[in-house]
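Here's the structure we're looking at; comments come further down.
Please treat every number below as a calculation from the coordinates, not as lab data. Just so we're clear, the structure is a prediction, and the values are computed from it rather than from any experiment.
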Amino acid sequence: MVYPGDGPEQLQLLKLFQVKGVTKALVRAEGVKAITDPQAFRTAGAKFKNLDFTSSQPALRADGETITLGEWNLLRAYASDFGSTSGGVDRARQDAIRRAILRSEARKRGIVVTEAEVDASINRVRSDLARALNRSEFDALLVGLGVTEDEYWRLPWVRNEQRLGVLAGKVAAAIRAEVPRIPGEDDRAYAERGSQHYQRWLADRIRNAQLEQLVPN
């Protein structure tokens, strides 16, 4: 989700809304079934349109962070069939834990994301979309949602996902930077060790996290 490209700067756990177009990245996140037919995107957009992603009611709590009901609805939609709220609960819980961990770590390190950074992230995605082969799928998603492209990027949940992506990238970069460089080590090897360090850190935090469910499934 975080930044375009295939290098270590890309955070693997949140490939939502970025990398070769918003829609394919979104449906492939966390093993979600890929949708490649524009009509399927139109249908999915219509389903998303009827879901509430804005509720601020607390839904889950992990690592000292609260996941709102709006975000929980979004995670369940991601983890099921791109718009259905049935199924995918275990996957959605895992994603909620990851998000809580990243936000908690950002808070501890004083990492913040500005609106200008969110705008820059969106502009990068829009630039990628202008060149993407799957543009028809994104356009179909917009039809299903009943919004224009400009309106889409102003949707609060879309901006919040972009904000989370930037935040996650900053946290990952900070943790990778903790790895001391070996004399004579080339950039590729150093980046790989940093990435492995981050993945171990995240796996350990997830393994020890406790999730409190505040609303029914």
Long-range amide H partners of residue 67, meaning residues 5 or more apart or on another chain whose placed amide H is closer than 5 Å, are 59, 60, 61, 62
Sequence order, segment 179-193: Karplus ³J(HN,Hα) from phi using 6.51 cos²θ - 1.76 cosθ + 1.60, θ = phi - 60°, Hz rounded, Gly and Pro as x, gives 6, x, 7, 7, x, x, 6, 7, 4, 5, 5, 5, 4, 5, 5
Per residue, the convex hull enclosing the alpha carbons of segment 93-217 has a volume in Å³ of 168 Å³
